[in-house]
Amino acid sequence: MRKIKNVLCLKLQARLSREHIATALHISKGVVAKYIGLAGAAGLDWTGLGVDP
């Protein structure tokens, strides 16, 4: 769950590219794309995660 939150934080707040996020978190670009896609399909944004930025 932490990786998902980190991916969304870097995408939504830091506005990093998928490639930069993958490099920063040591995960594949495919995983980054999957997490972002699933969050978008679920209608989640940073406030929808229930954590303070």
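Below, the figures for the structure above:
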| quantity | calculated |
| --- | --- |
| Charge tally in the Cβ shell below 9 Å around K29, where Lys, Arg are +1 and Asp, Glu are -1, K29 excluded | 0 |
| Inter-probe distance in nm under a simple model that places probes 7 Å from Cα toward Cβ, at H26 and A14 | 1.5 nm |
| Per-residue HN-Hα couplings for segment 19-32 [Karplus 6.51, -1.76, 1.60; θ = phi - 60°; Hz; x = Gly/Pro] | 5, 5, 5, 4, 5, 5, 9, 6, 10, 6, 5, x, 5, 4 |
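Values in this text are rule-based calculations from the coordinates and carry no lab data. Here the structure is a predicted model, which is why all the values come from computation and not from measurement. A quick note on method: Cβ atoms are made from the backbone with ideal geometry, for glycine too, and the neighbour counts reach across all protein chains shown.
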